[in-house]
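What follows is a set of notes on a single structure, which appears directly below.
The values are calculated or read from the model by the stated rules, or taken from the named source; none is laboratory data. Just so you know, these numbers come straight off a predicted model, no measurement behind them. Heads up, the Cβs are rebuilt from the backbone with ideal geometry, glycines too, and the neighbour counts pull from every protein chain shown. We work out accessible area using only protein heavy atoms, side chains counted, and drop any ligands, DNA or RNA first. Shrake-Rupley method; radii C 1.70, N 1.55, O 1.52, S 1.80 Å.
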Amino acid sequence: MDAWVAYGKDWQRRLYDAGWCGIHWPREYGGRGASLIQQVLFQEEMARARAPMLINLAGLTMGGPVLIAHGTEAQKRRHLRNILMAEEIWCQGFSEPNAGSDLAALKTRAVLDGDDFVVNGQKVWTSFARYADWCMLLVRTDLEAPKHRGITFLLVSMHSPGVTVRPLRQISGDEDFNEVFFEDVRVPRANVVGEINRGWDIAITTLMHERQTLTFSRQLQSRVALDQLLARVRSGAHRDRLPAVQPVLRQKLAAAYIESQTMKYTALRNLTRALRGDVPGPEGSIEKLFWSEMYQRMLETALEALGPFAQLVKGSPYAVDAGYWAHLFLYSRGRTIAAGSSEIQRNIIAERVLGLPRTRQA
Ligand SMILES: Cc1cc2nc3c(=O)[nH]c(=O)nc-3n(C[C@H](O)[C@H](O)[C@H](O)COP(=O)(O)OP(=O)(O)OC[C@H]3O[C@@H](n4cnc5c(N)ncnc54)[C@H](O)[C@@H]3O)c2cc1C
């Protein structure tokens with residue numbers, strides 16, 4: 001196991017043991033039954049303290065909440081506590097080579113054979129699959145049904161015979177992404193979440209949880225990075241190389257601060273809505289579009305403000321802050337794709353918020 005995975009598991013386990021993991025989950029499954037607002041306050045304090053991220057992200061933000069909403073009692077007892085303790089890491093097996101924005105076009109097949117499904121197909125961009133023990137897998141179980149029907153949501157052990165994981169290297173140099181191949185993988189029927197052929201509804205719940213959690217946590221992450229950048233610029237280190245004193249750059253830094261505040265209050269408005277019990281609607285696309293693009297703008301400003309040496313990556317003796325800013329910048333490029341690309345968000349806003357005519361599907 002890589003050292004950072006072992007560290008991440010240990011850190012999450014310590015938090016759990018001290019009662020600080022999944023505090024808003026029900027007590028009977030390892031949480032503390034805290035309110036959403038308490039959970040958010042806790043997240044804010046963690047960000048302020050620069051605490052490490054929790055490693056079991058897919059399990060905490062999607063797998064767990066989906067099981068709490070739709071899982072059987074046996075599934076809840078089997079998985080929820082293990083997710084909180086990072087005893088078992090989860091990944092999300094939705095996207096395929098020809099099913100990303102058009103997720104319902106997915107082709108990975110699952111056929112019932114006695115009490116098991118037999119799964120064949122391929123997923124791609126599966127974050128953390130290399131370290132994962134469980135996968136939330138969307139499979140096609142009815143070829144005749146319209147494409148949004150005939151999909152089933154399965155929990156698949158990544159240790160099952162027939163599962164092969166191949167890492168993909170990203171522009172940042174990390175290997176978070178993976179291709180995952182399934183060859184005659186047997187999955188017990190008891191691992192279906194919800195009903196057979198009704199997995200699309202479960203997938204939508206999963207993505208809603210992902211988006212809602214992301215809006216808040218991304219806002220905090222952006223703020224932490226901006227505070228670091230402003231401190232760096234104010235400190236005057238490398239002043240001879242810093243163009244940050246230029247008026248145009250000062251304006252860009254101020255704009256980044258304003259955008260960060262806008263994001264904060266948008267996230268708080270969402271929180272108020274969630275506390276009132278409102279279901280997130282298409283306006284969530286406005287937030288997703290905004291946080292992904294403003295983060296990229298902010299990191300472009302960072303590289304400009306910190307000078308050309310900030311573009312050097314880890315390993316170069318001249319890299320500013322050991323390549324920290326170059327890494328954040330490169331990593332940020334994926335934000336306008338993950339959890340729904342900017343083009344898709346703009347389509348949703350145009351059609352469902354502004355009421356413009358639908359785009360023609362290919
Ligand atoms: C950081 C990151 C983490 C990810 N983690 C996971 C994960 O853990 N599990 C998982 O299942 N997936 C994951 N993904 C995959 C992600 O969900 C997909 O990349 C995304 O849905 C886009 O799908 P695609 O890559 O197939 O691109 P495509 O859907 O092929 O799109 C290609 C381009 O065409 C544009 N486009 C497509 N359709 C339209 C349209 N109708 N109108 C206008 N433009 C259009 C898109 O905006 C995009 O620019 C991750 C992606 C990233 C970047």
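Structure data summary
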| quantity | calculated |
| --- | --- |
| For TYR331: the one exception among (1) within 14 Å of the ligand (Cβ to nearest atom); (2) assigned to a loop (DSSP other than H, G, I, E, B); (3) of a type in the set (Phe, Trp, Tyr) | (2) |
| Checking ALA58 against (1) in contact (Cβ under 8 Å) with a residue 40 or more places away in the chain; (2) open to solvent by 30 Å² or more (accessible area, probe 1.4 Å); (3) of a type in the set (Gly, Ala, Ser), the condition it does not meet | (2) |
| Residues of the range 250-274 classified as open to solvent by 40 Å² or more (accessible area, probe 1.4 Å) and either touching a residue at least 60 places away in the same chain (Cβ under 8 Å) or among the β-branched types (Val, Ile, Thr) (or both), total | 3 |
| Of all residues making up the range 176-211, the number that are hydroxyl-bearing (Ser, Thr, Tyr) and surrounded by fewer than 21 Cβ atoms within 10 Å (Cβ to Cβ) | 1 |
| Residue count for the range 30-43, restricted to those that are surrounded by 15 or more Cβ atoms within 10 Å (Cβ to Cβ) and touching a residue at least 24 places away in the same chain (Cβ under 8 Å) | 4 |
| Residue identified as more than 10 Å from the ligand (Cβ to nearest atom), touching a residue at least 24 places away in the same chain (Cβ under 8 Å) and buried (at least 18 other Cβ atoms within 10 Å of the Cβ) among ALA310, ALA319, ALA305 | ALA305 |
| Given (1) over 20 Å from the mean Cα position of the chain (by Cα); (2) surrounded by 14 or more Cβ atoms within 10 Å (Cβ to Cβ), index of the condition ARG358 fails | (2) |
| Positions within the range 142-157 being surrounded by fewer than 22 Cβ atoms within 10 Å (Cβ to Cβ) and either closer than 21 Å to ALA104 by Cα or in contact (Cβ under 8 Å) with a residue 60 or more places away in the chain (or both), in sequence order | ASP142, LEU143, GLU144, ALA145, PRO146, LYS147, HIS148, ARG149, GLY150 |
| Per-region count, the range 97-145, residues over 27 Å from GLN345 (Cβ atoms), outside any strand (DSSP E or B) and among the hydrophobic types (A, V, I, L, M, F, W, C) | 3 |
| Within the range 86-109, tally of residues that are away from the ligand (no atom under 16 Å from the Cβ) and buried (at least 21 other Cβ atoms within 10 Å of the Cβ) | 1 |
| Single match in LEU67, LEU15, LEU41, LEU60 (criterion: part of a helix (DSSP H, G or I) and touching a Cys at 6+ places or on another chain (Cβ under 7 Å)) | LEU15 |
